[in-house]
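What follows is a single structure, written as structure tokens, with notes after it.
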Amino acid sequence: MMFTPQRKVWSGWSLTPRTDPVQKNGYVSGSDPVLNPRNVETVVKGRKTVAFVESTTPPPPLGSLGENGGTKVAIVEKLSKLENEYNMGLLLIEKKEWTSKYEETVQALAEAKDALKREHVSHLIAMSEIEQQEENLRKALGVEKQCVLDLEKTLREMRSEYAEIKFTSDLKLAEANGLITSIEEKSLEVETKFNASDAKLAEVSRKSSEIKRKSHEVAIREDALRRECISFNAEQEARESTLSKQREDLREWERKLQDGEERLAEVRRLLNQREEKANEHDTLFKQRQNDLEEAQKKIFMAKSTLKKKEDDISRRVAELSVKEKAEADAMRNSLEMKDKELLALEEKLDARARLQHQVGVCILLVQALEGTIQ
């Protein structure tokens with residue numbers, strides 16, 4: 001905005017001569033300063049002082065001032081010239097004042113620009129920090145996804161191992177059932193032969209040799225049954241050692257699953273901390289936004305550009321918050337699915353324990369049959 005100085009009319013001089021002994025300008029009549037050559041006048045008006053240097057032309061004689069009317073015209077011209085010089089002095093003073101004000105305004109504008117630059121740099125730093133945090137979150141999410149994939153792979157392997165163990169245990173159970181059936185058949189045969197030998201005890205004297213032979217055959221068969229029971233016990237011990245090893249493997253797998261759950265809990269805690277830091281950054285960003293709004297009142301020309309940047313930053317922060325929330329929800333859903341799978345696996349382990357209990361019962365039955373045969 002440009003200022004045009006107003007022309008001030010200097011009214012310290014009157015165009016008509018005064019007869020008062022003391023004039024308004026402070027000079028005594030009879031010693032008119034206009035009549036003194038090379039005189040320097042100092043005119044005080046308000047709080048401003050302007051020095052005027054008169055022309056070197058000598059004034060007319062004192063006696064001719066009242067006689068000739070031309071000298072009045074010369075005096076009027078001289079006064080007009082002095083008035084013009086006074087107005088020029090005032091204009092120069094106002095120019096200096098406006099120049100100083102302009103310099104102060106320029107300096108204030110430069111300081112405001114420096115403050116705006118500093119705020120812009122701080123915003124850029126905050127944006128770089130937010131981008132760095134976003135990159136760290138992406139990396140952490142990748143690591144978590146890799147952990148989930150590893151857990152899924154381990155779960156598939158455990159399922160395949162469980163299927164193999166179940167198939168093997170079914171085969172062993174079928175073999176045990178067949179062996180129990182054969183033992184029962186042999187025990188029935190032995191019992192039948194015992195009954196036949198009891199029926200023929202009346203003919204001991206006549207058939208003693210035949211009874212001894214049959215007794216020898218029974219002893220041989222008992223030895224064979226004993227050997228079969230010993231082999232069955234050895235197979236059962238080997239089966240129990242295999243089952244104990246499988247139990248240890250299952251315990252190790254459960255420990256790994258527990259470690260995975262602990263890591264997932266740590267990941268959740270880190271995500272919560274990052275959300276808190278993001279909220280702190282949002283608060284700090286809002287505070288800086290308020291500071292920028294105060295600076296915008298002083299610098300009108302930079303308001304539109306700064307507003308666009310603030311809207312862009314707000315949009316990016318909102319998108320980042322929405323994205324982090326969506327990723328956290330997805331991770332939470334995945335963890336719930338993992339919990340369901342773990343519950344299903346626990347049910348399968350319970351079924352396996354029941355199967356092992358049934359195998360133990362079968363073993364006890366076999367041992368009871370062996371005791372009966374002996």
Original post:
Bin by bin, in steps of 5 Å, what percent of the Cα pairs in segment 132-172 do you find, going until the bin that has the longest distance?
Top reply: 6, 22, 13, 14, 10, 10, 8, 6, 6, 3, 2, 1
**OP:** Could you please rank Thr99, Thr154, placing first whichever residue has the fewest other Cβ atoms within 10 Å of its Cβ?
**Re:** Thr99, Thr154
Original post:
Using θ = phi - 60° and the Karplus form 6.51 cos²θ - 1.76 cosθ + 1.60, what ³J(HN,Hα) does each residue of segment 327-334 get, whole Hz, x for Gly and Pro?
Top reply: 5, 5, 5, 4, 5, 5, 5, 4
Original post:
Label points 7 Å out from Cα along the Cβ direction at Thr242 and Lys153: separation in nm?
Top reply: 2.8
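Just rank His216, His120, fewest to most, by other beta-carbon atoms within 10 angstrom. Please report the intermediate quantities before stating the final value.
Values: His216 10, His120 15.
Placing the least packed residue first, the sequence is His216, His120.
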**OP:** Report the one residue of His281, Ser304, Leu270 whose Cα lies farthest in the direction of the positive end of the charge dipole of segment 262-374 (charges on C-beta: Lys and Arg +1, Asp and Glu -1; origin at the Cα centre).
**Re:** Ser304
Original post:
Sorting Phe167, Phe232 on the 10 Å Cβ count, fewest up front, what's the list?
Top reply: Phe167, Phe232
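Computed from the coordinates by the stated procedures, all read-outs in this text should not be read as laboratory data. These numbers were taken from a predicted model, which means no experiment stands behind them. Neighbour counts run over all protein chains shown; Cβ positions are idealised from the backbone, glycine included.
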